[in-house]
Amino acid sequence: MTVIKYLFYLFVALILFPVRLFPQTGFITGKVTESGTNEPLVGANIVVNELKNTGAVSSIEGDFLIKVPVGSYSVKASLIGYTTTIKTDVIVKTGKEASLNIQLSEGSLQLGEVSIKADYFDRSVMENSLSTISLGVEEVKRSPGSLQDFQRILQSLAGVSFSKDKTNELLVRGGSPDENLTVLDNMEIHSTNHFPNERNSGGPINMINVDLIEDIRFSTGGFISKYGDKLSSVMNITTREGSRIKPFKANLNLSIAGLGAIAEGALDEGRGSWIVSLRKSYMDLLKGPVGLSSVPEYYDIQFKLAYDISQKHKLTLSGIYGNDKNFTEGESENTNISLAGGMDSVSLFVEDIKQYQYAVGSTLRSIWSKNLFSLLTLYYSSYNFNNSETEQFTARSYDSHGDVYQSFILKNKLDYEDKSRVGSLGLKCEFVWNTAKTNELSFGAALKSDDFKHDVYMCGDSSRYDILSDGWNTPDDIYIRRPASDARYRIRLFENQKSYAFFNDKISLFEGSLIFNLGLRYDYFSYSKKGNLSPRASATWNFFSGLSDLNFAYGEYYQTQSYPTYTDRYRSEVNRYLNNTHARHFVMGYNQILDEGLKLTIEGYLKKYYDIPVREDFIHSNDRTFRSEKYLNAGHQAIYGIDLLIQQKLVKDFYGTVSYSRMWSRMDDPRIGKEGKSYPSDYEYPHIFTIVLGRRFSSLRDYLDRAPFYIKYPSYLLPFSNDMEISARWRYASGRGYTPRVFVTTEQFFEGDSRWSRGSWVSGDERNSERYPDYHRLDISFSSRYNFTSWSLSIYLSIENLYNRKNVASYQYNSDGTRETSTQYSLMPVVGVEVEL
């Protein structure tokens, strides 16, 4: 806490004793390459838009270096015969370099093109024009409500919804949270989040330090055959390299993600670089103020090494590690005036989570000729999970006001314990071959072997049913006793494999006006002995001088089940040979460049799901006494909708997004007696609307210093600087569907191994027939940067849920027949400080 205290004192000192800052300089560096082959481009014109006569020309190796005053800039890269690209959010700090990786694609536009035609959105280097967006590090940092977590920004995009404030899970176009592929530096891994689980890659906060991000590309559908084994989306994250100019530099930061440090530097006189990040949480301090019911603790480590073996071959080594702990106690507090002066007993549950995960991999990028390059990646990832749930049968005493004043545990019982590990050793190779100026062929293959350990203890349970509702201890009563189980599954490394091969042919006709992607992919999983062939196709028609395009995509997608789905408590392998879940995508979209950095996107989509695993006891839910561990591929689902996105990149000091999604999602009812009927799916959010607006202010501190004294001196109460931003986000979503429950006394379970419960909460017959109240909240964000002689300081302030909306997260159903409401985050201030040396 000492470091946090000193950073707080520094923040107060800046407010109370403002420092007069003198002009400082830094550098814009980078490399310009050809998008199709990664060959360096010589002679590219690099211009800083905000400064007159300031720029550079790329060298024979594609490198450039520009010395500029500290500040925020946009940089334009152009070369005759290539499409002009503009990079926004280029932040230059004292004595530091802002590094850019600029890719240009061949096109007909020349140096004299008007600025509206320049590519602000990396459209020319996208693998697919449909349903794809690119984000940079500064867009993540400044976004209100993101907590500097890039997945929370993706939640604001069209077609993406979320279930709770406490998780950054992505529900993409009605899909479940385990349908999203995560690719980190070419490694396909389970998750980059703290506290994920085997069926959900989301978590409360991301492990990736936002300052190590170079680029994020997120696709919500219609992705090419290069990607598979997931049904809804692809999140491709590239981390940046360390500085190749200085042998050492450091960064200290404090944010909602934790207290952290970054160190980086050059290797072998600039032929390589290294960078490492370490962070430690302090979320336990926020338990009371923001309404957290548990205390998550975590830390993470991230690194990247890069080295140019030669001008044609580059080797990188990346890694990430996260360690998480969370202990949730059952809360005995309660208010019930009818129990004033009396006692009751209730089952409370204690959850203890300990887990860690890591991934490390090396990629060799080789340029074989002007038209051919390859990527070879070897990686290993591991997810280790230790979770237990204990039932505490607790007696409570109430005072005269009906409040609990004393409680004590009558009995402890271990309900559930899961000790699991999933490790994956993968080798993948990809080639990109420009067979002609109008044809780009990509093809590759991968082999992955998993190490799966699944040790699960489930306690026995007893339940009884009063079939005729004529009271207990009558002949019609049914008693069911299910014994405890200790299931142990083990799949050793190299015993089973997942493999795939793919090719994609990108054909460009009429000088890029018409583009086709035709692909095919085959996946095979040896454990379930299931393989699938997946054809993919997309088309793009560019018109109005490249300012408009019309897109269409079709694809077949398959996903293996999560490992726990293949298991059962009796180790009978009844679920081993489940089919892979299948989704068919149809997407049609229209993009229009409206102005400099301003783009309109409208897309319509249809997703058809087949072979969704459904529990057999759900199918027989009309028989409350039916028990089964078996899954059946009986689920079918249809999702269709329209997404609208208006995106303004940072141009002329303004930026923002407006997104709206309209969705319909229906699940065919597989239950006996419900044939031919359907119900809303679990992840249907009919309406989602988000608006983000931001403004950047330059030289504001100088302007305020020239203002009258009654404006000048009060302004020192806030950290106004010559480089600052203010932004706001308002978000609305329809309430999530849920199945209403009824408390009945004709079904009882043996509570705490001590007594029969008063009754049970029984789900209604109409699945997801009711909805939680609509969700909405307002977030605001403020950031300010200061540059001193040899170091710089950045301050981030934000307020989450400004008007303190009590959004409902869920309902908790207690064994005594009462229902409680669990709410989302309340009003929460967030402060971040970053010191760069």
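The values are calculated or read from the model by the stated rules, or taken from the named source; none is laboratory data. Computed from a predicted structure; not experimentally measured. Glycine also receives a Cβ, built like all others from the backbone with ideal geometry; neighbour counts cover every protein chain displayed. Just the protein is used for accessible areas: all its heavy atoms, side chains included, with ligands, DNA and RNA removed. Shrake-Rupley method; radii C 1.70, N 1.55, O 1.52, S 1.80 Å.
Structure data summary
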read-out	value
Filter result for the condition that a residue is under 30 Å from residue 762 (Cα atoms), touching a residue at least 60 places away in the same chain (Cβ under 8 Å) and open to solvent by 50 Å² or more (accessible area, probe 1.4 Å), over 469, 463	469
Residues (touching a strand residue (DSSP E or B) at 6+ places or on another chain (Cβ under 7 Å), in a loop (DSSP other than H, G, I, E, B) and more than 29 Å from residue 507 (Cα to Cα)) located in region 27-57	49, 50, 51, 54
Residues located in region 685-708, provided they are aromatic (Phe, Trp, Tyr) and in a strand (DSSP E or B)	689, 697
Inter-residue pairs, beta-carbon under 9 Å, first under 19 Å from residue 409 (Cβ atoms) and in region 745-761, second of a type in the set (A, V, I, L, M, F, W, C) and outside any strand (DSSP E or B), 6+ apart	753/459
Residue satisfying condition, being modelled with pLDDT of 95 or more, touching a helix residue (DSSP H, G or I) at 6+ places or on another chain (Cβ under 9 Å) and in a strand (DSSP E or B), within set 632, 650	632
Filter result (farther than 30 Å from residue 657 by Cα and buried (at least 20 other Cβ atoms within 10 Å of the Cβ)) within region 576-610	580, 581, 609
2 or more residues free of Cβ contacts under 8 Å to residues at least 40 places away in the same chain and over 28 Å from the mean Cα position of the chain (by Cα): qualifying strands (runs of 3 or more DSSP E) within region 526-620	530-543
Residues satisfying the stated conditions in region 528-542, i.e. closer than 18 Å to residue 119 by Cα and either out of contact with any Leu (no Cβ under 9 Å at 6 or more places or on another chain) or open to solvent by 40 Å² or more (accessible area, probe 1.4 Å) (or both)	541
Among the residues listed as 510, 525, 552, 502, the single one being in contact with a strand residue (DSSP E or B) (Cβ under 6 Å, 6 or more places away or on another chain), open to solvent by 70 Å² or more (accessible area, probe 1.4 Å) and of a type outside the set (Lys, Arg)	552
Residue check for residue 650: crowded, with 18+ Cβ neighbours inside 10 Å and either in contact with a Pro (Cβ under 7 Å, 6 or more places away or on another chain) or more than 23 Å from residue 734 (Cβ to Cβ) (or both)	yes
Which numbered condition residue 54 fails, given (1) within 18 Å of residue 27 (Cβ to Cβ); (2) crowded, with 18+ Cβ neighbours inside 10 Å	(2)
Set 784, 734: member being in contact with a His (Cβ under 9 Å, 6 or more places away or on another chain) and polar (S, T, N, Q)	734
Boolean, residue 45 is open to solvent by 30 Å² or more (accessible area, probe 1.4 Å), modelled with pLDDT under 90 and not small (Gly, Ala, Ser)	no
Residues of region 221-267 that turn out to be within 30 Å of residue 501 (Cα to Cα) and either touching a Cys at 6+ places or on another chain (Cβ under 7 Å) or not aromatic (Phe, Trp, Tyr) (or both), as a count	19
Scope region 430-440; condition of a type in the set (A, V, I, L, M, F, W, C) and open to solvent by 40 Å² or more (accessible area, probe 1.4 Å); matching residues	431, 433, 436
Region 485-502 residues that are of a type in the set (Val, Ile, Thr), paired with ones that are surrounded by 12 or more Cβ atoms within 10 Å (Cβ to Cβ) (beta carbon under 9 Å, 6 or more apart)	491/450; 491/451; 491/452; 491/453; 491/454; 491/527; 491/563
Of residues in region 777-791 being small (Gly, Ala, Ser) and open to solvent by less than 40 Å² (accessible area, probe 1.4 Å), the one nearest to residue 162 (Cα to Cα)	781
Region 352-378 - residue that is touching a Leu at 6+ places or on another chain (Cβ under 8 Å) and within 30 Å of residue 325 (Cα to Cα) and, of those, most open to solvent (accessible area, probe 1.4 Å)	378
Residue match in region 242-250 (condition: among the hydrophobic types (A, V, I, L, M, F, W, C), open to solvent by 30 Å² or more (accessible area, probe 1.4 Å) and either assigned to a strand (DSSP E or B) or closer than 24 Å to residue 448 by Cα (or both))	no
Residues of region 171-210 classified as assigned to a strand (DSSP E or B), more than 10 Å from the chain's Cα centre (by Cα) and within 26 Å of residue 253 (Cβ to Cβ), total	4
Hits in region 590-617 (condition: under 27 Å from residue 653 (Cα atoms) and touching a Lys or Arg at 6+ places or on another chain (Cβ under 6 Å))	593, 597
Failed condition for residue 417, given (1) outside any strand (DSSP E or B); (2) open to solvent by 40 Å² or more (accessible area, probe 1.4 Å); (3) within 29 Å of residue 198 (Cα to Cα)	(1)
Qualifying residue in region 72-93 (condition: at pLDDT 85 or above, open to solvent by less than 10 Å² (accessible area, probe 1.4 Å) and more than 23 Å from residue 647 (Cβ to Cβ))	yes
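Let's see how each residue does on (1) free of Cβ contacts under 8 Å to residues at least 12 places away in the same chain; (2) closer than 28 Å to residue 831 by Cβ; (3) of a type in the set (Val, Ile, Thr):
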site: 774; (1), (2), (3): no, no, no
site: 780; (1), (2), (3): no, yes, yes
site: 789; (1), (2), (3): no, yes, yes
site: 794; (1), (2), (3): no, yes, no
site: 797; (1), (2), (3): no, yes, no
site: 801; (1), (2), (3): no, yes, no
site: 806; (1), (2), (3): no, yes, no
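So that you can scan it fast, the table gives a plain yes or no per residue for (1) at pLDDT 90 or above; (2) not charged (D, E, K, R):
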position	(1), (2)
148	no, yes
151	yes, yes
156	no, yes
168	yes, yes
171	yes, yes
174	yes, yes
178	yes, no
188	yes, no
215	no, no
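Yes or no, residue by residue, for (1) on the phi < 0 side of the Ramachandran plot; (2) assigned to a strand (DSSP E or B):
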residue	(1), (2)
728	yes, yes
762	yes, yes
777	yes, yes
780	yes, yes
811	yes, yes
817	no, no
825	yes, no
833	yes, yes
